[in-house]
Amino acid sequence: MTNIVVVDDEALIRQAYTDIFEDMGYGVTAFESGLALLDSFHTLNADLIILDVQMPGLDGISVCRKIRELPDGKKTPIIIISGSCGRADPDLIYSGANRFIHKPVDTESLIEAVQKTLAEAS
């Protein structure tokens, strides 16, 4: 089963994404912080990671960069969701993410981004 990892500090958003992906038949692992994800990364077998940019402790861009530094993290597809950075923001562009989604996120765009990113990774 494909495992999607969702990282967002807002419980309602984590639950909404979890519901969407589970309804699509994916397994979902959710974290409320990037630090929690990094602590568990090696045991996750993540097929795709979805990161929010604005999180306490360590923002999504920094988490993405740290994942890319890990031997197992170089190939893991990552989608970053941002309401604070523009599409041309250098931090986003050079974060190492495969794809970016700008908030507010509509369900169709999220599903399309996930399906395209997973297809490109296989």
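The values are calculated or read from the model by the stated rules, or taken from the named source; none is laboratory data. Remember, it's a predicted structure, so these values are computed and weren't measured experimentally. Using ideal geometry, Cβ is built from the backbone for each residue, glycine included, and neighbour counts are taken over all protein chains shown.
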Do we have LEU110 as of a type in the set (A, V, I, L, M, F, W, C), modelled with pLDDT of 90 or more and exposed (fewer than 14 other Cβ atoms within 10 Å of the Cβ) here?
no
Just to be sure, is GLY57 of a type in the set (Gly, Ala, Ser) and modelled with pLDDT under 95?
yes
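Could you please find all residues in segment 80-100 being out of contact with any Phe, Trp or Tyr (no Cβ under 7 Å at 6 or more places or on another chain), of a type in the set (A, V, I, L, M) and either modelled with pLDDT of 90 or more or in a loop (DSSP other than H, G, I, E, B) (or both)?
ILE81, ALA88, ALA97 - these are the residues of segment 80-100 that are out of contact with any Phe, Trp or Tyr (no Cβ under 7 Å at 6 or more places or on another chain), of a type in the set (A, V, I, L, M) and either modelled with pLDDT of 90 or more or in a loop (DSSP other than H, G, I, E, B) (or both).
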Hey, among the residues in segment 49-73 that are in contact with a helix residue (DSSP H, G or I) (Cβ under 6 Å, 6 or more places away or on another chain) and not in a helix (DSSP H, G or I), which one's nearest to ALA97 (Cα to Cα)?
LEU51
For THR43, indicate whether it is out of contact with any strand residue (DSSP E or B) (no Cβ under 6 Å at 6 or more places or on another chain) and either surrounded by fewer than 22 Cβ atoms within 10 Å (Cβ to Cβ) or outside any helix (DSSP H, G or I) (or both).
yes
If only one of ILE61, ILE101, ILE80 is in contact with a Leu (Cβ under 6 Å, 6 or more places away or on another chain) and aliphatic (A, V, I, L, M), which one is it?
ILE80
Within segment 1-20, residues being touching a residue at least 24 places away in the same chain (Cβ under 8 Å), closer than 17 Å to THR107 by Cα and outside any loop (DSSP other than H, G, I, E, B) number 7
Flagged pairs (Cβ under 8 angstrom, 6 or more apart or on separate chains; first in segment 21-32, without any contact (Cβ under 8 Å) to a residue 60 or more places away in the chain; second among the acidic types (Asp, Glu) and surrounded by fewer than 19 Cβ atoms within 10 Å (Cβ to Cβ)) are VAL28/GLU22; GLU32/ASP9
